[in-house]
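First up is the structure itself, then whatever we jot down about it.
The values are calculated or read from the model by the stated rules, or taken from the named source; none is laboratory data. Worth saying up front: this structure is predicted, and the values here are computed from it rather than measured. A quick note on method: Cβ atoms are made from the backbone with ideal geometry, for glycine too, and the neighbour counts reach across all protein chains shown. Areas reflect the complete protein model, heavy atoms only, side chains present, ligands, DNA and RNA absent. Shrake-Rupley method; radii C 1.70, N 1.55, O 1.52, S 1.80 Å.
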Amino acid sequence: MSLLNNKIAVITGGAQGLGQALTERLAAEGCSVVAADMKEQQLRATAEDVAKKTGRKIIPVVCNVTLEADVEKLFAAATQNFGRVDVVVANAAILIAEPIAEADAEKWRAVMNVNLFGNFLTFKHACKIMKAQKSGSIIQINSKSGKKGSAANSAYAASKFGGIGLVQSVALEMAKFGVRCNAVCPGNLLESPLWTDEKNGLFVQYLRAGKVPGAQTIADVKKAYEGQVPLGRGCRYDDIGNLVVFLAGELSNYMTGQAINVTGGQEMR
Ligand SMILES: NC(=O)c1ccc[n+]([C@@H]2O[C@H](COP(=O)([O-])OP(=O)(O)OC[C@H]3O[C@@H](n4cnc5c(N)ncnc54)[C@H](O)[C@@H]3O)[C@@H](O)[C@H]2O)c1
């Protein structure tokens, strides 16, 4: 059963990782998708691959979410091709983990710029369209770090806490126009490039930053993170896809302003 038949979705950070998986999931549920990212080659490859697998139209738009002209261009591509926007997934984000006393100020600012200001621009241009059409579902990919501080990771946690304030404010403002806005707070996607990248992945960053006491290797860091989850494993792309599909469609019509954990129960520990 396709739950989102003929809906038009816009997703940011769609080239790789969770964004790539969500692009495929939304298309598999019946959406045409406009996918944005700065990584042009990867984005085009993802769009081609998903279109081939699902038979849906996937339009890649090279876009830096911190630049308003780029975000305008992204939503213009959606309206020019499809005439409306039903679902927006604000997924693009970066993470630079550094202990606070040694943190590089420009890197800290860059994290806020992509994760919080980038979401503001995405929401602003989504709301312009959705307010006029009097419908829409905006979904922010947040994190469990949006509700609980994260040692040696203050920029990311601050940007994600701010994200929930943005979601609630937009939800309040847009409810009378039939537009809903919710956040999804994933646990650790331990198999994603964000963690596994050999140069800048979180396993390497957290090992360097001494975030896991006693950890000598990447395997030690991974084990420590799996051990924090009551359901005993890292979060998977489909765990998030299931909730995104629910929030994007009519089954969640009475939900707005929520920030929903998908963590295997990790936040209880
Ligand atoms: N991986 C995890 O463990 C995890 C856990 C919780 C929440 N999240 C959240 O999930 C989302 C996706 O994370 P991921 O693991 O797939 O990360 P990722 O780094 O693999 O993918 C992020 C994508 O966003 C793009 N991007 C970065 N800056 C951009 C910009 N300025 N403009 C446009 N695109 C930009 C990147 O090019 C990349 O394709 C993020 O919001 C992240 O905070 C991830």
Among (1) among the polar types (S, T, N, Q); (2) assigned to a helix (DSSP H, G or I); (3) surrounded by fewer than 19 Cβ atoms within 10 Å (Cβ to Cβ); (4) modelled with pLDDT under 95, there is one condition N200 misses while meeting the rest; what is its number? (2)
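When you go through S159, S154 one by one, which is the residue that is more than 14 Å from the ligand (Cβ to nearest atom), of a type outside the set (A, V, I, L, M), at pLDDT 95 or above and at negative phi? Working first, answer last.
Values: S159 fails: more than 14 Å from the ligand (Cβ to nearest atom).
Among S159, S154, only S154 is more than 14 Å from the ligand (Cβ to nearest atom), of a type outside the set (A, V, I, L, M), at pLDDT 95 or above and at negative phi.
Could you count how many residues in the range 204-238 are within 11 Å of the ligand (Cβ to nearest atom) and either open to solvent by 70 Å² or more (accessible area, probe 1.4 Å) or within 21 Å of A15 (Cβ to Cβ) (or both)?
Of the residues in that region, 3 qualify.
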Checking L22 against (1) free of Cβ contacts under 8 Å to residues at least 40 places away in the same chain; (2) within 16 Å of the ligand (Cβ to nearest atom), which single condition isn't satisfied? (1)
From the options R56, R84, R44, residue that is more than 10 Å from the ligand (Cβ to nearest atom) and in contact (Cβ under 8 Å) with a residue 60 or more places away in the chain: R84
Has the range 28-36 got any residue that is within 12 Å of N91 (Cβ to Cβ) and near the ligand (Cβ under 9 Å from one of its atoms)? yes
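Looking only at the range 68-88, decide whether some residue is of a type in the set (A, V, I, L, M), over 18 Å from G136 (Cα atoms) and open to solvent by less than 60 Å² (accessible area, probe 1.4 Å).
Just the residues of the range 68-88 that are of a type in the set (A, V, I, L, M), to begin with: 69, 71, 74, 76-78, 85, 87-88.
Remaining after also requiring over 18 Å from G136 (Cα atoms): 69.
Going one step further and asking which of them are open to solvent by less than 60 Å² (accessible area, probe 1.4 Å), we end up with none.
Checked against the condition, which is being of a type in the set (A, V, I, L, M), over 18 Å from G136 (Cα atoms) and open to solvent by less than 60 Å² (accessible area, probe 1.4 Å), the range 68-88 yields no hits at all.
Inspect all residues belonging to the range 111-123 and state whether any of them is closer than 30 Å to Y254 by Cβ and exposed (fewer than 15 other Cβ atoms within 10 Å of the Cβ). First the steps, then the outcome.
To start, the set of residues in the range 111-123 that are closer than 30 Å to Y254 by Cβ comprises 115-116, 118-123.
With exposed (fewer than 15 other Cβ atoms within 10 Å of the Cβ) added as a condition, the list becomes none.
For the range 111-123, residues closer than 30 Å to Y254 by Cβ and exposed (fewer than 15 other Cβ atoms within 10 Å of the Cβ): absent.
Which of the residues that make up the range 36-66 are assigned to a loop (DSSP other than H, G, I, E, B) and open to solvent by 20 Å² or more (accessible area, probe 1.4 Å)? Walk me through it before giving the result.
Filtering the range 36-66 down to residues assigned to a loop (DSSP other than H, G, I, E, B) leaves 38-39, 55-57, 63-66.
The answer is M38, K39, G55, R56, K57, N64, T66.
Could you check how many residues of the range 154-179 are open to solvent by 30 Å² or more (accessible area, probe 1.4 Å) and not hydroxyl-bearing (S, T, Y)?
Let us first name the residues in the range 154-179 that are open to solvent by 30 Å² or more (accessible area, probe 1.4 Å), namely 154, 158, 161, 165-166, 168-169, 172-173, 175-178.
From the residues that got through so far, the ones that are not hydroxyl-bearing (S, T, Y) too are 158, 161, 165-166, 168, 172-173, 175-178.
Number of matching residues: 11.
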Selected residue (only one of A90, A132 is modelled with pLDDT of 95 or more, hydrophobic (A, V, I, L, M, F, W, C), within 14 Å of the ligand (Cβ to nearest atom) and closer than 27 Å to M174 by Cα): A90
Identify all residues within the range 213-234 that are in contact with a Lys or Arg (Cβ under 9 Å, 6 or more places away or on another chain), in a loop (DSSP other than H, G, I, E, B) and within 23 Å of V262 (Cβ to Cβ); write none if there are none. Q228, V229, P230, G234
